[in-house]
Amino acid sequence: MLVSCGETPDQYNLITVAWTGTVCSDPPMCYISIRPERHSYPIIEKNREFVLNLVTKEMAAVTDWCGVRSGAKYNKFFETGLTPIKSQKVKAPLVYESPVNLECVVKEILHLGSHDMFLAEIVAVDVKSSLLNDKGVIRLDKAGLVCYSHGHYYELGKMLGKFGFSVKK
């Protein structure tokens with residue numbers, strides 16, 4: 001996952017986060033876990049907001065680059081060519097190239113060990129209109145998304161079933 005943070009263009013940063021996920025549906029909540037020594041950690045800790053930007057196949061290389069370079073030494077938006085744009089509800093920028101952006105407000109920081117977990121409420125969801133079907137349902141299978149697992153990036157897209165398909169008659 002590519003996370004954007006910062007309140008002003010001179011503070012904007014991007015961080016690649018492997019430890020992330022959904023924790024609640026009502027209210028919609030998620031988490032990211034970050035090592036305290038990372039450049040983005042104090043930015044998110046201070047501002048208490050961030051944006052989760054889903055990553056496409058076309059974004060995989062720049063996402064990886066953001067994971068191995070520090071925002072203390074590089075302006076990651078400039079170096080990658082990614083475009084920061086204004087969010088609906090938070091000050092952290094969206095990444096324009098991402099097909100889905102989740103605007104998040106930190107509710108709690110849990111100190112767990114090597115990483116601290118930022119528990120956050122999703123306050124806005126931004127979706128490219130090309131991913132919405134005629135009923136307004138998001139078609140993530142059309143987004144060309146990638147995931148990260150144990151040091152490798154994988155392209156997603158093939159639906160295997162719908163919730164409950166294993167017991168449907």
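The values are calculated or read from the model by the stated rules, or taken from the named source; none is laboratory data. Because the structure is predicted, anything quoted here is derived from the model rather than measured. Counting neighbours? That spans all protein chains shown, and the Cβs are built from the backbone with ideal geometry, glycine included. Surface areas here come from the heavy atoms of the whole protein model, side chains and all, with no ligands, DNA or RNA. Shrake-Rupley method; radii C 1.70, N 1.55, O 1.52, S 1.80 Å.
Among residues that are in contact with a Pro (Cβ under 9 Å, 6 or more places away or on another chain), in contact (Cβ under 8 Å) with a residue 40 or more places away in the chain and among the charged types (D, E, K, R), E121 is included. Applying the criterion of at least 1 residues that are charged (D, E, K, R) and either at pLDDT 95 or above or more than 12 Å from the chain's Cα centre (by Cα) (or both) to the strands (runs of 3 or more DSSP E) found wholly in the range 1-53 leaves 49-53.
Checked against (1) under 21 Å from K158 (Cβ atoms); (2) free of Cβ contacts under 8 Å to residues at least 40 places away in the same chain; (3) open to solvent by 50 Å² or more (accessible area, probe 1.4 Å), A61 meets all criteria but (1).
Taking the criterion of being part of a strand (DSSP E or B) and surrounded by fewer than 19 Cβ atoms within 10 Å (Cβ to Cβ), the only residue of the range 94-105 that qualifies is V105.
When each of K135, K158, K91, K162 is tested for being in a loop (DSSP other than H, G, I, E, B), of a type in the set (K, R) and under 18 Å from H39 (Cβ atoms), the lone residue that passes is K91.
Taking the criterion of being part of a loop (DSSP other than H, G, I, E, B) and open to solvent by 100 Å² or more (accessible area, probe 1.4 Å), the only residue of the range 146-155 that qualifies is H150. Summed over the range 64-89, residues that are among the hydroxyl-bearing types (S, T, Y), touching a residue at least 24 places away in the same chain (Cβ under 8 Å) and open to solvent by 20 Å² or more (accessible area, probe 1.4 Å) total 2.
When the range 106-123 is filtered for residues that are open to solvent by 30 Å² or more (accessible area, probe 1.4 Å), not hydrophobic (A, V, I, L, M, F, W, C) and not in a loop (DSSP other than H, G, I, E, B), the ones remaining, listed by number, are K107, E108, H111, E121.
Looking across the range 2-46, the residues that are open to solvent by 20 Å² or more (accessible area, probe 1.4 Å), of a type outside the set (V, I, T) and free of Cβ contacts under 8 Å to residues at least 60 places away in the same chain come down to D10, Q11, G21, C24, S25, D26, E37, R38, H39, P42, K46.
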